[in-house]
1. Can you run phi through the Karplus equation (6.51, -1.76, 1.60; θ = phi - 60°) for the range 86-96 and list ³J(HN,Hα) in whole Hz, with x for Gly and Pro?
2. Provide Rg and Dmax in Å for the chain, with only Cα atoms included in the calculation.
3. Would you calculate a helix-derived [θ] at 222 nm for the chain, using -39,500 (n - 2.57) for each DSSP H run of n ≥ 4 and dividing by the full residue count, to the nearest 500?
4. Taking the Cβ of K146 as the center, what net charge do the other residues with Cβ under 15 Å away carry, scoring Lys and Arg +1 and Asp and Glu -1?
5. Applying the Karplus parametrisation 6.51 cos²θ - 1.76 cosθ + 1.60 with θ = phi - 60° to the phi angles of the range 126-133, what ³J(HN,Hα) value in whole Hz is obtained for each residue in order, glycine and proline being reported as x?
Amino acid sequence: MASNAHAVRVSDEAVAAKTGRNWGEWFAVLDRAGADQLEHKRIATFLHDRHKVPAWWCQMVTVAYEQARGKRQVHERPDGWEMSVSKTIGVEVGRIYQAWVDEKTRKKWLTSEFEMTTATKNKSIRIKWNERERVEVMFYPKGKGKTQMTVTHRRLDEEKAVGQMKEWWKEAVERLQGMMKA
């Protein structure tokens, strides 16, 4: 495998179980098809149409291939850079969701201004962070009194912003968790 092979997060066994081939086999198929010269969408379409790979796995295989062949860096997307943080917090999903949507409560732990564009109660929030960047917050109940929250910040304009925003969001989520425990 090429230089960015470490970017592959799913095991050979898992990808083979879902797609019929492991990473090495898929990369060989894509190399033979000239995928190193194709855009992302054309690679994914090729996998779906020619090899009947399920849609989600088309994206997974395409991104892993692009990373392995140096066409894309880890955290890079066609529209910019992306990072995410995830935390399981020991409170019900409704309390965490409220801490986001209630402006007075939110200002206690999150100091930035932004525009919420959509919110689905206890499930997700979509945010227009600024003119370019977008944030998605997902909430997953994890049994009685626990919630996993994932914050994904998209369309960052440079690679170094990934680490900076990841640290910023980790600190914000820690403040939220501390407030929830109080």
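1. 9, 8, 9, 10, x, 9, 5, 4, x, 5, 5
2. 19.1, 58
3. On the way: 7 runs with 79 residues, N = 182.
Helix-only estimate at 222 nm: -13000 deg cm²/dmol.
4. +4
5. 10, 10, 8, 6, 7, 4, 9, 7
Each value in this text was obtained by applying a stated rule to the coordinates, not by laboratory testing. A quick note: this is a predicted structure, and the numbers were derived from the prediction, not measured. FYI the Cβ positions are ideal-geometry reconstructions off the backbone, even for glycines, and counts take in every protein chain you see.
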